[in-house]
Amino acid sequence: MNLPAAASSADPIKVLIVDDSAVVRGLISRMISAQKDLVVVATAPNGKAAIDELTRKAADVIVLDIEMPIMDGLTALPKLLEVRPAAKVLIASTLSRRNAEISLKALQLGAADYLAKPEAGLVGADEFERELVSKVRALRSRASAIPRPTPPAITRPALENFRRPKPQVLAIGASTGGPPALVKLFTALRGAVEQPILLTQHMPPTFTPLLAEQLTRVGERPCQEGRDGEVIAPGRCYIAPGGWHMLVERCGGLPTLRLTQDPPEHFCRPAVDPMLRSVAEVYGSASLAVVLTGMGADGAKGCTAVSAAGGRFAVQDEATSVVWGMPGAAAQTGLAERILPLDQIGPWLQLVTRGAHERP
């Protein structure tokens, strides 16, 4: 499958593939090599061999397996980043709970993203190939970006001329780079934000309950996968389960979760846009949304719906995003109230959710 090349620099994206299976290395190599803008510079059967290869050949993106002999992926990860700090690591693993736990730990240790290997194997796995290629391209675009100072917070001045109603819900969307960003944000919100939090993070089914456990610990607030028909309660966080869109509707006058398996949006289920559209419909001008780091444009149309309903939203800035796809697309609507570095989003949310009036 030859996928359309993304607009980028003339130099091909250099990829190092690390997997203990020769068959998997060969299949991933063919998927990468089929793209005109990607090139495989080396392959390795384990972490130690990958480190040796990386000292000889530069790579922009490293596709890294977890379970390997001699040196596993988690052990190799910091050593690979020490050899080439600018490289972006894409963890590739099956969806076992153990591998999901390790993948989330790898993200906290510096991996940029993860990729789920289909249990049935890679032969004919068109969705795996599409995701692999798109993620490699997205990570290279960030890895090769020219560093620049963090821009100042951007304000929509017209919105400062009147008081907004106190938000009744906080809806968050994230994808690539999201789990570490969410850990930092939920840590910053500890002991604050009485409103319910609705979260859609692009993740497969095995990962979302583990993310809920992690955010419960760091944020000291109950976080769980959303359940169909559950009434939304203050002080709690509800995470869209992998494989399901999570929406809000009024049932008996109360905001209630609704899980659906409607078609994927932006190739994703769960997706951020369906959640935000439903939030805008149910909560109207009391809606508050944030779009964090992520690949693609999911969330931009949902944020537009939030704004049209009189709600407000902010996005993470480019300098602190792993990939500025989703927040960038939402920012390009021209409707974002703030474009903020990650460490400023928590304080801003605390201020807004208290109903405090901000000054320009």
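The values are calculated or read from the model by the stated rules, or taken from the named source; none is laboratory data. These figures come from a predicted structure and were not determined experimentally. Methodologically, a virtual Cβ is constructed for each residue, glycine included, from the backbone with ideal geometry; neighbour enumeration extends over all protein chains shown.
I'd like the residue in region 183-217 that is of a type in the set (D, E, K, R) and outside any helix (DSSP H, G or I) and, out of all such residues, is farthest from ALA92 (Cα to Cα).
GLU194
As an exercise: evaluate ASP65 against (1) among the charged types (D, E, K, R); (2) buried (at least 23 other Cβ atoms within 10 Å of the Cβ); (3) more than 22 Å from the chain's Cα centre (by Cα) and give the number of the one condition it does not meet.
Failing condition for ASP65: (3).
Would you point out the residue of region 79-108, among those that are of a type in the set (Gly, Ala, Ser) and not in a helix (DSSP H, G or I), that is surrounded by the fewest Cβ atoms within 10 Å (Cβ to Cβ)?
If we take residues in region 79-108 being of a type in the set (Gly, Ala, Ser) and not in a helix (DSSP H, G or I), then ALA86 is surrounded by the fewest Cβ atoms within 10 Å (Cβ to Cβ).
Every residue in region 114-132 that is aliphatic (A, V, I, L, M), surrounded by fewer than 22 Cβ atoms within 10 Å (Cβ to Cβ) and modelled with pLDDT of 90 or more, please.
Within region 114-132, just LEU115 meets the criteria.
Of the residues ALA76, ALA145, ALA111, which is part of a loop (DSSP other than H, G, I, E, B), under 24 Å from the mean Cα position of the chain (by Cα) and at pLDDT 95 or above?
ALA111
For ARG164, only one of the following conditions fails: (1) at pLDDT 80 or above; (2) in contact with a Lys or Arg (Cβ under 7 Å, 6 or more places away or on another chain); (3) basic (Lys, Arg). What is its number?
All conditions are met except number (1).
Just to be sure, is ALA297 among the hydrophobic types (A, V, I, L, M, F, W, C) and either surrounded by 24 or more Cβ atoms within 10 Å (Cβ to Cβ) or part of a helix (DSSP H, G or I) (or both)?
no
If ILE70 meets every condition in (1) outside any helix (DSSP H, G or I); (2) more than 24 Å from SER96 (Cα to Cα) apart from one, which number is that one?
(2)
Kindly evaluate GLY242 against the criterion of being within 15 Å of ILE345 (Cβ to Cβ), in contact with a Phe, Trp or Tyr (Cβ under 7 Å, 6 or more places away or on another chain) and either surrounded by 14 or more Cβ atoms within 10 Å (Cβ to Cβ) or at pLDDT 95 or above (or both).
Judged against the criteria, GLY242 is not a match.
Give all pairs with beta carbons closer than 7 Å in which a residue from region 172-197 that is at positive phi meets a residue that is buried (at least 23 other Cβ atoms within 10 Å of the Cβ) and assigned to a loop (DSSP other than H, G, I, E, B); count only pairs at least 6 apart in sequence or on separate chains.
Qualifying pairs under 7 Å: GLY177/ALA112; GLY177/THR293; GLY177/SER321; GLY177/VAL322; GLY177/VAL323.
Which pairs have Cβ atoms under 6 Å, sit 6 or more apart or on different chains, and link a residue in region 307-321 that is assigned by TED's automatic domain parsing to the domain that holds TYR283 to one that is assigned to a loop (DSSP other than H, G, I, E, B) and among the polar types (S, T, N, Q)?
If the second residue must be assigned to a loop (DSSP other than H, G, I, E, B) and among the polar types (S, T, N, Q), the pairs left are GLN316/THR293; ALA319/THR150; SER321/THR293.
Taking the stated definitions as given, is VAL39 within 23 Å of the chain's Cα centre (by Cα) and at pLDDT 95 or above?
Spelling it out, it is not the case that VAL39 is within 23 Å of the chain's Cα centre (by Cα) and at pLDDT 95 or above.
Kindly check whether there is at least one residue in region 68-89 that is without any contact (Cβ under 8 Å) to a residue 24 or more places away in the chain and closer than 24 Å to ILE13 by Cα.
yes
Have a look at LEU198, LEU259, LEU276 and point out the one that is more than 18 Å from GLY328 (Cα to Cα), modelled with pLDDT of 95 or more and surrounded by 24 or more Cβ atoms within 10 Å (Cβ to Cβ).
Residue meeting the stated conditions: LEU198.
State whether the residues of region 222-230 include one that is in contact with an Asp or Glu (Cβ under 8 Å, 6 or more places away or on another chain), among the basic types (Lys, Arg), surrounded by fewer than 24 Cβ atoms within 10 Å (Cβ to Cβ) and within 18 Å of SER278 (Cα to Cα).
No; the residues of region 222-230 include none that is in contact with an Asp or Glu (Cβ under 8 Å, 6 or more places away or on another chain), among the basic types (Lys, Arg), surrounded by fewer than 24 Cβ atoms within 10 Å (Cβ to Cβ) and within 18 Å of SER278 (Cα to Cα).
If you scan region 233-269, which residues turn out to be under 15 Å from PRO205 (Cα atoms) and assigned to a strand (DSSP E or B)?
Of everything in region 233-269, those that are under 15 Å from PRO205 (Cα atoms) and assigned to a strand (DSSP E or B) turn out to be TYR238, ILE239, HIS245, MET246, LEU259, THR260, CYS268.
Which residue out of ALA331, ALA308, ALA271 is buried (at least 19 other Cβ atoms within 10 Å of the Cβ), of a type in the set (A, V, I, L, M) and more than 25 Å from LEU132 (Cβ to Cβ)?
Matching residue, one of ALA331, ALA308, ALA271: ALA331.
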